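These notes concern the structure reproduced below.
Values quoted throughout were computed directly from the atomic coordinates according to the rules given, and no laboratory measurement underlies them. Since we're looking at a predicted model, the values are computed, not measured. So basically every Cβ, Gly included, is an ideal-geometry build from the backbone, and we count neighbours across all protein chains shown.
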C-alpha cells in the first residue's frame, strides 16, 4: 500500500525542484526527504526523479504518477476539512493570516481581547503580504484586501468587511517647517524600486530631495515621523498617528475591500466561526478609520 506521507514528499520535491526546497517547505531535514523518496520508489519499483546539476527532474515514471499524487493530496485536504468542520470544541489551534499593518497597527488589541475570551484556543497569527493557500490549510481564516470580488476563488467563503483607503502623510513638524521656511530637502519615501511614486505631484507640497527608499513598512513609518519627507500610508495608520498629518491638497486612494475568508467545511468549526464573527464586529467599529473618514483624519 502506498503511504500518503511518502507521496507528500514526492510532491514537494516535484514542485520545489530539489531536496533542499522540499525540506524547507516541509520543515524537515535533507535526509528525511531522501529517505521518503527512496521508500516510495522501492514500493513502486520505479525511479521517480533524475538528479541533474540544476536539480531534480521527474522521470517518465514520475510524470505518470504526478496527476494521481495531486488527486491524493486533494482528497486528503477534503477529508481534513470535513473532519475539522465537525469539530465544535472551543479549543485547539486557530491559524490566522493578515497583512502586517493590520496586525501591528489596528487589530492587535482585538486579537488580545479574543485571546482573553477564549484561553483554550491556540492562536497562530501570521502577518504577511503573501496570499495563504486556504485549500492546503496554510491558514484557517485569512483577512485580505480584495480589489474585485470576482477574482476570489469559488471554493472560498467570505464575509465582506469595510472599504480601505490610504493617503499621503508627512510629519506635523515638517509641514510647519514647510509653511514657514520652505525646507531645501523634502523626500518621497517609498517602499519599492519603481522610481518616483504615482502620487508624487499630488497636493500643495513639492519635494526637493532624492528618493528615500526602504522595503520595510515599519521603517517607512519611522522615516516619515522623523521628518524625512512624505509617504503613502493606509489611513488607519496615518490618521491614528499624532505625529503625522495628511499632506494639504492630496486625495484619498481606494485600496479595495476587506474580506474574511475561509475554505470548505473549516468555516463550520466553532473556533473559526467565533473568530470570524468577533473580528467582523470589530471591523465595523473600525470602518471609518479604515476608510479615512474618521474625525481624527483632519
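A few comments on the model shown:
- Normalised size of region 91-298, defined as Cα radius of gyration per 2.2 N^0.38 Å with N residues, equals 1.13.
- FRET efficiency for residue 35 and residue 294, using Cβ-Cβ distance with R0 set to 41 Å, rounded to 0.05: 0.10
- Estimated FRET transfer efficiency (residue 287, residue 116; beta-carbon r; R0 22 Å; 0.05): 0.40
- Between the helical axis of 172-181 and the longest alpha-carbon principal axis of the chain there is an angle of about 40 degrees.
- Mean projection area, nm², convex hull over Cα of region 214-280: 6.8
- The calculated P(r) of region 4-85, using every Cα pair and 10 Å bins from 0, goes 18, 50, 26, 5, 0 in percent.
- Ranking of 284, 13, 245, 90 by count of other Cβ atoms within 10 Å, fewest first: 284, 90, 245, 13
- The residue 211 and residue 47 beta-carbon pair, evaluated with R₀ = 45 Å, returns a calculated FRET efficiency of approximately 0.30.
- Mean Cα-pair separation over length for the chain, i.e. relative contact order, pairs under 8 Å, 6 or more apart, %: 22
- Looking at the chain, the DSSP beta bridges with both ends there are about 65 percent antiparallel.
- MRE, 222 nm, helices only [DSSP H, n ≥ 4, -39500 (n - 2.57), over the chain, to nearest 500]: -12000 deg cm²/dmol
- Most fluctuating residue given options 221, 65, 145, as computed from a GNM of the chain linking Cα atoms under 10 Å: 65
- With neighbours defined as other Cβ atoms within 10 Å of a residue's Cβ, the residues 140, 110 order from fewest to most as 110, 140.
- Counted residue by residue at 0.36 nm each, then reduced by the alpha carbon distance between them, the extension gain from residue 163 to residue 28 reaches 44.5 nm.
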